[in-house]
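The values are calculated or read from the model by the stated rules, or taken from the named source; none is laboratory data. Given the structure is predicted, the values throughout are model-derived calculations rather than measurements. Cβ sites come from the backbone with ideal geometry, for glycine too, and all protein chains shown count toward neighbours.
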Amino acid sequence: MLLYKASWYYICSMNFNLPQIPKRDKKPRTHGLTMVMDKGLSNQEVTNFLSVAGPHVDIVKLGFGTSMVTPNLKEKLAIYAAYDMPVYFGGTLFEAFLIRNCFDEYVQMIQDYGLKHVEVSDGSISIPHSEKCGYIEKLAKIVTVLSEVGSKDAAHIIPPYKWIELMRSELDAGSTYVIAEAREAGNVGIYRSSGEVREGLVQEILTQIPEEKIIWEAPQKAQQVYFMELCGANVNLGNIAPNEVIPLEATRLGLRGDTFNFFLHTD
C-alpha cells in the first residue's frame, strides 16, 4: 500500500486561476487550519481520502477513544506519515488514562506510537484547572499540545469570562492551540443544542484570545460559514468529516453559494 511518497505536498492544489480568491498559506501553515476527525476509516479509506483531500488538511484526530480499538493502528499511522500528515488521539482517550491514574502510561503510549501532537481535555472528567495546566506544561516539553476548553455536558454552561480565563491559562501553560469544544455533532459548548452559534460568547472570546490560536470545532456547514464571515477564509476549523474537506475548502474560497459574495470586491 505504501509504494510511493505522496507527491501532492509539492504541487499546487489549485487547478486554474481565478481573481479575487482569498489567499491560503501553503502547508505546513499555522493559521487557516483544517482539522479532520477520523472516527474509524479503514486503511484503504485513509489512502483514498488523503489522495483527494490531503492538500487541504492540516491535522487529523482519531476521534475520542477510537484509536484503542482501531485494527492495524500502526499501519494506519504509517499511511498518514507517508502523506506528512500530523495525527493525534482524541482528548477523551487522554481523560480515560487520567481518570485511571495512568498519565505516565499515556505518555509512554504516545511515544511508542511516535505521536508528535496530543490533545489535553477535561470535557468528560472534573479536575482542578491548575492540574490540567500542569499536564499541558509537562506534555508541551515533548510534543505539540492542543488543549480543549468546554464541557461535553450540554447542561454545563460556562460563562464567557471563564472561557477566556481557561483559554488564556492553557496557552500560557504551553498549548499551541486551544480548541473550542462542540463535540462531533456541533451541539454543545460554543453552540446551542440546535447547533446555533452562541454568538455573544464567541465574539467576547475574540476580544481577549488571538483568533489564530483558537480552533473552532465546526462540523456543520452553517457553523463553518459563520466563522468565515466573522474571521475570514483563514479561520481554524475542526471536527471536519473526511468527506467534507473539499466542500469546506471551496467554501473558504467563496466557491460555494453560502460564501459566494464574502470575498468579492465590488468597488
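Some notes on this structure:
- Within the stretch 107-146, considering residues that are under 17 Å from the mean Cα position of the chain (by Cα) and of a type in the set (S, T, N, Q), the one modelled with the lowest pLDDT: Ser121
- Any hit, the stretch 213-236, residues being surrounded by fewer than 16 Cβ atoms within 10 Å (Cβ to Cβ), part of a loop (DSSP other than H, G, I, E, B) and touching a helix residue (DSSP H, G or I) at 6+ places or on another chain (Cβ under 8 Å): no
- The lone exception for Ser175 - which of (1) touching a residue at least 24 places away in the same chain (Cβ under 8 Å); (2) surrounded by 15 or more Cβ atoms within 10 Å (Cβ to Cβ); (3) in a helix (DSSP H, G or I) it fails: (3)
- Selection status of Ser67, modelled with pLDDT of 95 or more and touching a helix residue (DSSP H, G or I) at 6+ places or on another chain (Cβ under 9 Å): yes
- Any hit, the stretch 221-231, residues being of a type outside the set (A, V, I, L, M, F, W, C), closer than 13 Å to His56 by Cα, touching a strand residue (DSSP E or B) at 6+ places or on another chain (Cβ under 7 Å) and touching a residue at least 12 places away in the same chain (Cβ under 8 Å): no
- Test for Ala96: is it free of Cβ contacts under 8 Å to residues at least 40 places away in the same chain, small (Gly, Ala, Ser) and either closer than 30 Å to Phe227 by Cα or in contact with a Gly (Cβ under 9 Å, 6 or more places away or on another chain) (or both): yes
- Qualifying residue in the stretch 108-116 (condition: over 21 Å from Tyr80 (Cβ atoms) and among the β-branched types (Val, Ile, Thr)): no
- Hey, Lys132 touching a residue at least 24 places away in the same chain (Cβ under 8 Å) and in contact with an Asp or Glu (Cβ under 8 Å, 6 or more places away or on another chain) or not: yes
- Cβ-Cβ under 6 Å pairs, at least 6 apart or on other chains, the stretch 245-267 side under 14 Å from Lys23 (Cα atoms) and in a helix (DSSP H, G or I), far side among the β-branched types (Val, Ile, Thr) and modelled with pLDDT of 95 or more: Thr251/Thr259
- Selection count where residues are polar (S, T, N, Q), in contact with a strand residue (DSSP E or B) (Cβ under 8 Å, 6 or more places away or on another chain) and free of Cβ contacts under 8 Å to residues at least 40 places away in the same chain, scope the stretch 20-66: 1
- Test: residue in the stretch 47-62 that is aromatic (Phe, Trp, Tyr) and farther than 24 Å from Val235 by Cα: no
- Condition broken by His56, with the remaining ones in (1) at pLDDT below 95; (2) in contact with a Ser or Thr (Cβ under 9 Å, 6 or more places away or on another chain) satisfied: (1)
- When Ile246 is tested against (1) exposed (fewer than 15 other Cβ atoms within 10 Å of the Cβ); (2) over 23 Å from Tyr88 (Cβ atoms), only condition (2) is not met.
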